[in-house]
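The structure under discussion appears below in the form of structure tokens.
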Amino acid sequence: MKCKWWHGKVAYQIYPKSFMDTNGDGIGDIKGIISKLDYLKELGIDIIWLSPIYQSPFVDQGYDISNYYKIGEEFGTMEDFDTLLAETKKRGMHIIMDLVVNHCSSQHEWFQKALDDPDGEYADYFYFLEGKDGNAPSNYRSYFGGSVWEKVPGSSKYYLHSFAKEQPDLNWENPTVRQKIYEMINWWLDKGVSGFRIDAIINIKKNTSFPSFPPDGDDGLVSCVKMLESTNGIGDFLQEMKKETFEKYDAFTVGEVFNMKESELPEFIGDNGHFSTKFDFSVQSMSSEGHGWYDAPPFHFEAWRDVTFAVQQRDMEIGFEANIIENHDEPRGASRYLPAYARNDAGKKMLATTSILLRGIPFIYQGQEIGMTNCVRSDISEYNDISTIDQFQVALVAGCSKEEALNACNENSRDNARTPMQWDATPHAGFTTGNPWLLENSNYACINVAAQKEDADSVLSYYKKLIALRKNPKFLETFTYGAFVPAYEKVPGIFAYKRLSEKDGKNILVIGNYGDCSCALPLEGVVKQILLSNVNRNDIALEEMNTQRSITLDSCESIVLLMQKQAELILLKSVNRAL
């Protein structure tokens, strides 16, 4: 595997609208990000991913871009962004932008020109099609519900939108469109960004015959994913984009890739893959198997562990995944992956341990490092997210009560991760002096940065230790390139694995007890050092482990152990026999 500058790095996602507001308008801004760079540096962050800060009407929170070359005035100015870039580089960190090129905003100049002339040049920048028998061209359902086809005003044609109707899909079959996209990407790379997180990129390759399929719901529609699965050739687009842009700058790229064919994995993240890495959504996909949030399968620890392990083993000889437990599109990891009895500081530290030391590039989402949780709302009107509002209606149509529909939203809403960052216990969690665009989580008085910063035993302090361990020069080779080997797979409630490096001979054992009672595990070999413990185990515990050749972990306990090298074990055995 070729070594790259981003290997061994730790990334952090900022959702700018909710991170830090400096002018009191209730919306986070670029100056707010600048003010917290030292906080991120102290945490151990190398790469900062900014969710969209471009000019946008914010129908889908900035993922509907009306001008790719302008900063949204809510966030500040291009001068502010240039300052952010410069200050980030001073601290040895990198900025990557969110690249949204499957679709743009209906307010974008191109789409407005297409509406003015549905038969003209700009109509071919999108998918403008005639209907069939007085109906839409096909029966696809958008990701946000309803048909993907919207009637073009004053025309017999329809335009395609895989997401909201205000997000028309760009026509990647048009070489002019592709070239303009590449020009825009290079413009940002020339400015000094280090790469991109690439949004919804699997959607750019359509089956342009747009065939209808049997419905999968009572609305007579079928998921638009069905159409994506019926076509091939996305690799041609992605490879061209790489050669025309990213490759020239040695840029770091992470793809948001759903529905990829497994055989295509080397093409996506191999040494010559389309992207540097991609997010692993295998676990998140497990919760989307129902008809909506209201009947999504419940979380099962063993299924989560087994899927995670399978992905780790599959990718080992191919490339790196970008590992997450939460992001701006998911509920909070502490609320999703931890059972009720584990939703405490010990449980949050355990979850961090077992996820951040996996093979791949860890991405931490803002607030994860202090253990922020889901935010329970009492009425659907308190939500802002377009997807949540749709899923509430889906649940009602399916026969759920308002209470049941709201409970499903409380568990799954994207707004859970979008509440303001909890900086301190002052009004609005120290995020703003005004009224926040989205109401903060009421638990900010007890879960916040200020309270944890001075507490050596806090979740935040533990994250700093954990990140420092992963980046420690003594273990960097092992945690970056070392093999992943599952451990104690048959033991209920145990999430454990080894990180092994042939190059430096390290053998590191990571264990987390997600069960509700203590668990005794046999140890294969001698423990050389306790690298990290979420309950502060000491050298006495080390002696006990080696004497008993076992370890007993309490519920919610995690530990990272440096085991004796195999060669040292053989030597030790021979010495003992001689004695």
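The values are calculated or read from the model by the stated rules, or taken from the named source; none is laboratory data. Keep in mind it's a predicted model, so treat the numbers as computed, not measured. Cβ placement follows ideal geometry from the backbone for every residue including glycine, while neighbour counts extend to all protein chains displayed. The accessibility values were calculated without ligands, DNA or RNA, using every heavy atom of the protein model including side chains. Shrake-Rupley method; radii C 1.70, N 1.55, O 1.52, S 1.80 Å.
Before moving on, here are some points about what is shown:
- Set of aspartates and glutamates with alpha-carbon distance to Lys503 below 14 Å, sequence-local pairs under 8 removed: Glu477
- The residues neighbouring Val535, those whose beta-carbon lies less than 12 Å from its own, together hold a net charge of -2 under the Lys/Arg +1, Asp/Glu -1 convention.
- Rounded to 10°, Cα long-axis angle of helix 402-412 versus longest principal axis of the chain: 60 degrees
- Count Lys and Arg as plus one, Asp and Glu as minus one, and take only other residues whose Cβ is under 12 Å from that of Tyr481; the net charge is then +2.
- Reach of Lys132 by Cα under 24 Å, taken over lysines that are not fewer than 8 positions away in the same chain: Lys151, Lys157, Lys165, Lys205, Lys206, Lys226
- Carbon plus sulfur fraction of accessible area for the chain, probe 1.4 Å, in percent: 49 percent
- Placing pseudo-labels 7 Å out from each Cα toward the beta carbon at Ser230 and Gln548 gives an inter-label distance of 6.1 nm.
- Loop sites by DSSP among the trypsin sites (Lys or Arg not before Pro) of the chain, restricted to those with at most 10 other Cβ atoms within 10 angstrom, leave 3-489 as the longest stretch without any of them.
- With a Förster radius of 30 Å applied to the beta-carbon distance between Asn67 and Ser282, the computed FRET efficiency rounds to 0.30.
- Estimated 222 nm signal from helices in the chain, with DSSP H stretches of n ≥ 4 weighted -39500 (n - 2.57), rounded to 500: -8500 deg cm²/dmol
- For Ser194, the shell of other residues with beta-carbons less than 15 Å away shows a net charge of +1, using +1 for Lys and Arg and -1 for Asp and Glu.
- Principal-axis tilt of helix 459-471 within the chain, Cα atoms, nearest 10 degrees: 80 degrees
- Between the amide H of Gly255 and those of Ile198, Thr277, Lys278, Phe279, distances stay under 5 Å, these residues lying 5 or more places away or on another chain, with hydrogens modeled in the peptide plane.
- Note on Glu489: accessible area is roughly 90 Å² with a 1.4 Å probe, heavy atoms of protein only.
- Accessible area in the full protein assembly, largest first, 1.4 Å probe, for Ile386, Ile494: Ile386, Ile494
- Cα point-scatterer Debye curve for the chain, base-10 log of I(q)/I(0) at q = 0.08, 0.10, 0.12, 0.13 Å⁻¹: -0.57, -0.89, -1.28, -1.49
- Solvent exposure, largest accessible area first (probe 1.4 Å, DNA, RNA and ligands not counted), of Val397, Val526: Val397, Val526
- Ranking by accessible area, most exposed first, for Asp424, Asp554 with a 1.4 Å probe: Asp554, Asp424
- C-alpha long axis of helix 539-548 to longest principal axis of the chain, angle in °: 80 degrees
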